[in-house]
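Okay, so here's the structure we're looking at.
The values are calculated or read from the model by the stated rules, or taken from the named source; none is laboratory data. Quick caveat: nothing in here was measured; it's all calculated off a predicted structure. Here the Cβ positions follow ideal geometry from the backbone for every residue, glycine too, while neighbour counts run over all protein chains shown. Heads up: the accessible areas ignore ligands, DNA and RNA and are worked out on the full protein's heavy atoms, side chains in. Shrake-Rupley method; radii C 1.70, N 1.55, O 1.52, S 1.80 Å.
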Amino acid sequence: MASLALTSSFLPSLQSRRRKPEVNSQIRFSSLRSTLPKTAIFESGVRTSFRIPSSLSSEAKSIKPALDFRSSRGNLGTFTVRAASSSPATVAPASQPWQGAAIKPLIASIATGIILWFVPVPSGVSRNAWQLLAIFLATIVGIITQPLPLGAVALLGLGASVLTKTLTFSAAFSAFGDPIPWLIALAFFFARGFIKTGLGNRIAYQFVSLFGSSTLGLGYSLVFSEALLAPAIPSVSARAGGIFLPLVKSLCVACGSNAGDGTEKRLGSWLMLTCFQTSVISSSMFLTAMAANPLSATLTYNTIKQTIGWTDWAKAAIVPGLISLIVVPLLLYVIYPPTVKSSPDAPKLAREKLEKMGPMSNNEIIMAGTLLLTVGLWVFGGILNVDAVTAAILGLSVLLVTGVVTWKECLAEAVAWDTLTWFAALIAMAGYLNKYGLISWFSQTVVKFVGGLGLSWHLSFGILVLLYFYSHYFFASGAAHIGAMFTAFLSVASALGTPPYFGAIVLSFLSNLMGGLTHYGIGSAPVFYGANYVPLAQWWGYGFLISVVNIIIWLGAGGIWWKAIGLW
């Protein structure tokens, strides 16, 4: 016999135990409704027994919170349901909600790949390259519509590549050995250390105490702080993920804006998008602000035999760069505003929080020292022959050895591992699109088309710029894009009459700015997107809008500045 204590409403008074009125009761469990008696007999304040078939006793135990007997009147009481030894009745198990892929987005993704797969292969393109393009675009559609989490979608894309023999297994998973995805994952582990030790909150409160009376002022303080560090830290992934993401997240939490609980737009959505979009601007302002910038300079020399020096780069970028750094946060503040605009009491409250926190703890000191060590290696890594990801691994090793961050906590950083998966998958597919010759074919096709229009060099260069810029939707790396298309576009621009040095420096700047289009286009994108404050559709939508604004600023105001300094 199995028993289960339940709570019920009952008739408030009974004349005697011999006279037992019947009270209609309801059960909130469909599988039991047909089996239990339709009338329940019970007494005020007295435990009463029901008999249930033994076939239901185990289920009754498991759904105790779901059983609810109610009468139309009376006070609360309790009674016991007892299972009978046998009964022919059977109960169908409750249906479980679908936990698989969202069907419509999945169909849209698969349909994209199938349609393109069977489109006739253009002349000059290999069958493998075209098939990989079909899988790549299907994966991109899946990443946009999200029938499954991003990592799962990317893994399906890699699986399709291997299944169709488009890529070998080693080729499909080759990018998991690329340093950039790992650097991004390591950035999330650093962020965990900032949050756990309280150092992130301490720094956040310091910022709030100085600039917190204005949300816009707080945003600008972060934007220009990042820009000042840009020339010294040549990895936008390290700069954004290792230093500013933990700080921004701490500021959001300190202001009551958390991912996933409906408070994202208080501060976090605007601040994350602003810091990301300005990180691509600061990366374009200095030769040493992004790892791929020296590649642009090298290809420029190889193509037109002219050198872009550090000072030349900074001089040309300073005016349009500063204008963009001022305009973009303000524009986002207007079109994607935080709900908290000002908080005059925030600086005072922040100072009170700092007083309560007291002096820095040992873990905070270790975290701060590790950060200085890692940033120092990022700044002077070229001299010491230590790359950015090696410096990040060394820093994480210090945190693990000292117990500031545990490996269990690293394993629990689901977003880090998910980002590592989908970013590495996209890098692999985009890289093999280049190796299979598709990007080269695309570049040559564009060049022939633009060259045959018979336009002035100004218009021809404008068309080339737009094609070069927006083709970045097909790339998960600025370096890959530069390596695949920079030389071809610079060569054609020069042949059509564009001043060669002017063309080179404009393409170099755009090679950074185009990273703001997507959540995978530059190293800082997965870091800020992974914080989960901005939905993917809005990320892409505002990315396109800001790209238009940046092009107008850099070719408009920048063009006037470049004319003034004699670049054209």
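How big is Rg to Rh over region 312-437, alpha-carbon atoms, Rh as the Kirkwood inverse-mean-distance radius? Don't skip to the end; give the middle numbers.
Values: Rg = 21.2 Å, Rh = 19.9 Å.
Computed over Cα atoms, the ratio is 1.07.
Taking R0 as 25 Å, what FRET efficiency do you get between residue 393 and residue 360 from their Cβ-Cβ distance, rounded to the nearest 0.05? Present the calculation step by step, with values, prior to reporting the outcome.
Details: r = 25 Å, r/R0 = 1.00.
Taking R0 as 25 Å, the efficiency between residue 393 and residue 360 is 0.50.
Any idea what log10 I(q)/I(0) is at q = 0.16, 0.26 Å⁻¹ for region 491-557, Debye with uniform C-alpha scatterers and no solvent?
Treating every Cα as an identical point scatterer, log10 I(q)/I(0) equals -0.63, -1.08.
Return the tail of the calculated pair distribution for region 426-516, meaning the percent of Cα-Cα pairs more than 23 Å apart.
Working: 764 of 4095 pairs.
The proportion of pairs with Cα distances above 23 Å equals 19 percent.
If you take all C-alpha pairs in region 388-454, what percent of them are over 20 Å apart?
Details: 1293 of 2211 pairs.
Beyond 20 Å sits 58 percent of the P(r) for region 388-454.
Along the Cα→Cβ direction, 7 angstrom out, place labels at residue 111 and residue 169. What is the inter-label distance in nm?
Taking the simple label geometry, residue 111 and residue 169 are separated by 3.4 nm.
Can you give me the Cα centroid spacing of region 99-115 and region 192-262 in angstrom?
First find each Cα centre; the distance between them is then 38 Å.
Could you work out how much longer the chain between residue 400 and residue 265 gets when fully extended? Use 0.36 nm per residue separation minus the Cα distance between them, nm to one decimal.
45.2 nm
Label residue 119 and residue 372 with points 7 Å out from Cα along Cα→Cβ: what is the distance between them in nm?
Each label point is offset 7 Å from its Cα along the Cβ direction, giving 5.6 nm.
Less than 13 Å Cβ to Cβ from residue 146, Lys/Arg counted +1 and Asp/Glu -1: what total charge do the surrounding residues give?
Numbers: positive: 104; negative: 418.
Within the 13 Å Cβ shell, the charges total 0.
Contour minus end-to-end for residue 453 and residue 532, with contour as 0.36 nm per residue of separation and end-to-end as the Cα-Cα distance?
Values: separation 79, 0.36 × 79 = 28.44 nm, distance 4.47 nm.
Contour length minus Cα-Cα distance gives 24.0 nm.
What residues of region 193-210 lie in the reach of a label at residue 221, counting those whose backbone N is under 19 Å from a point 7 Å from the Cα along Cα→Cβ?
195, 198-210
Taking a ≥ b ≥ c as the square roots of the Cα gyration tensor eigenvalues, with a/c under 1.5 meaning rounded and otherwise prolate when a/b beats b/c, else oblate, which class fits region 103-174? It would help to have the intermediate numbers written out before the result.
On the way: a/c = 2.53, a/b = 1.28, b/c = 1.98.
Oblate, since a/c reaches 1.5 and b/c is not below a/b.
Can you give me the accessible area per residue for region 108-168, using a 1.4 Å probe, in Å²?
Details: 2710 Å² over 61 residues.
With the other protein chains kept in place, region 108-168 gives 44 Å² per residue.
Length gain on complete extension for the stretch residue 407 to residue 315, per 0.36 nm per residue less the alpha carbon to alpha carbon distance?
Working: separation 92, 0.36 × 92 = 33.12 nm, distance 4.51 nm.
Contour length minus the Cα-Cα distance gives 28.6 nm.
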